[in-house]
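Notes follow the structure.
The values are calculated or read from the model by the stated rules, or taken from the named source; none is laboratory data. All of these numbers come straight from a predicted model, not from anything done at the bench. Cβ coordinates were reconstructed from backbone atoms using ideal geometry, including for glycine residues, and neighbour counts include every protein chain displayed.
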Amino acid sequence: KVILDYIDLGGGLGIFYKDSKKDCIKEYASTLLNVLKRRIDELELGEPKLVFEPGRYLVADSSILLTRVNYVKKIFGRRWALVDAGMNDFMRPAFYGAYHEIVAANKASQPRSKRYDVGGPICESSDVFRREVELPEISQGDLLAILDVGAYGISMSNQYNMRPRPPMVLLDGLKVGIIRKGEKYEDLVSNDRIPDWIDP
């Protein structure tokens with residue numbers, strides 16, 4: 001007879017990126033607990049503690065990536081909003097086509113009357129955050145917010161194309177604080193060294 005102290009359910013509890021207001025955690029927990037309790041009783045495994053790592057569910061909606069529109073143009077009939085953030089700042093869309101809502105932060109109350117492809121400044125065809133995004137009419141200088149980037153956002157960011165990473169800012173009501181400073185060019189090369197056997 002085996003008595004378990006713990007059952008580790010692992011991770012993988014995500015969020016609804018296309019409907020951030022939807023939350024089925026209670027339904028999920030109820031279904032899971034009913035199934036587990038029945039099987040634990042059938043197998044006489046005792047009263048193990050359940051352990052799991054909720055991952056994205058805890059942190060995904062804690063962060064946004066705020067980016068400014070550098071310019072708007074049409075390419076082969078498609079309307080593009082090209083922003084100053086790039087795939088190095090947020091890899092998920094370029095890496096595996098992850099979906100993230102994008103809103104016009106400074107025009108949030110205006111109707112979404114046009115569709116834009118939203119891309120970055122990096123010389124890669126995959127430097128695209130999303131296509132066919134419904135937004136108000138966008139102009140140079142507008143601010144776009146890419147939502148739910150708290151999971152795998154900063155941890156997957158990098159300095160590709162010699163691009164310094166942006167700062168991280170914490171908001172709590174009206175309180176604002178920088179919790180990770182933005183990088184400068186000097187930070188990109190601070191670890192580089194020239195061996196003394198190379199002639200200058």
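Some values worked out for this structure:
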{"item": "Enumeration of residues in the range 155-167 that are without any contact (Cβ under 8 Å) to a residue 40 or more places away in the chain and under 30 Å from Glu53 (Cα atoms)", "result": "Ser155, Pro167"}
{"item": "Members of the range 143-156 found to be assigned to a strand (DSSP E or B) and over 13 Å from Asp61 (Cα atoms), listed by number", "result": "Leu143, Leu144"}
{"item": "Subset tally (residues that are acidic (Asp, Glu) and either touching a residue at least 60 places away in the same chain (Cβ under 8 Å) or under 16 Å from Val133 (Cβ atoms) (or both)) for the range 40-99", "result": "2"}
{"item": "Failed condition for Glu44, given (1) closer than 24 Å to Cys24 by Cα; (2) at pLDDT below 95; (3) of a type in the set (D, E, K, R)", "result": "(1)"}
{"item": "Checking Ser109 against (1) under 30 Å from Lys74 (Cα atoms); (2) surrounded by 15 or more Cβ atoms within 10 Å (Cβ to Cβ), the condition it does not meet", "result": "(2)"}
{"item": "Extreme residue, nearest to the chain's Cα centre (by Cα), among residues of the range 126-142 that are surrounded by 15 or more Cβ atoms within 10 Å (Cβ to Cβ) and assigned to a strand (DSSP E or B)", "result": "Phe129"}
{"item": "Residue within the range 177-198 that is assigned to a strand (DSSP E or B), without any contact (Cβ under 8 Å) to a residue 40 or more places away in the chain, aliphatic (A, V, I, L, M) and outside the structural domain of Leu13 (by TED's automatic domain parsing) present", "result": "yes"}
